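Asker: There's a structure below that I have some questions on.
All of the numbers you see were taken from the coordinates with simple rules; none came from a lab. In this text, all values refer to a predicted model and were calculated from it rather than measured experimentally. Glycine gets a Cβ as well: all are built from the backbone with ideal geometry, and neighbour counts include every protein chain shown.
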Amino acid sequence: MAHASSASGHIIASRSAIVVKLRRSQKSTVAGRSSPPRSTMTLLYGSGGLAPALEDESASRCFTLDGVRGLVTDRAETAGRSVSFVVNSPEAAGAGFVGDRARLFNDGCALVTDVRSGPDGYALIAVLAQRS
């Protein structure tokens, strides 16, 4: 395990995805993951992953913002996960849409643009887009 001292007097040791930070003056340990657990990554991006499935389903017809939130919440709860939402600004959200997604977005429909792990590695964050 490699050790390094930071300018603030912290000793930083890292191994795999775990980062442990020790403060000399406090004798306390703070541990955190630098990436989500494998189970979350598999749920989101594995075979039949939740993220692409929700992105595709949200583009299968016109959803209201409440409707797409319901769709995502149902799927997250079925998988045993909680979910929160971020709604991107219309300018940022619609920049890369083409085909059916662009048409739906321009018609004011809500779309899922991403589903990712929350800070704890288990809860999910769905990124939505809708033209106002």
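Asker: Arranged from highest to lowest average of other beta-carbon atoms within 10 Å per residue, in what order do the peptides 40-46, 98-104 appear? Walk me through the numbers before you get to the answer.
Answerer: On the way: 40-46: 16.9, 98-104: 13.7.
Ranked from most to least packed, the peptides come out as 40-46, 98-104.
Asker: Another one. Between residue 89 and residue 64, what is 0.36 nm times their sequence separation minus the Cα-Cα distance? Round to one decimal in nm.
Answerer: Once the chain is fully extended between residue 89 and residue 64, it gains 7.4 nm.
Asker: So, counting K/R as plus one and D/E as minus one, what does the shell of residues with Cβ under 13 Å around residue 70 add up to?
Answerer: Surrounding charge for residue 70 is -2.
Asker: Whose amide H sits under 5 Å from the amide H of residue 87, counting only residues 5 or more places off or on another chain, with H placed in the peptide plane?
Answerer: HN-HN under 5 Å from residue 87: 128.
Asker: Residue 83: net charge of surrounding residues, Cβ under 9 Å, Lys/Arg +1, Asp/Glu -1, itself excluded?
Answerer: Within the 9 Å Cβ shell, the charges total +2.
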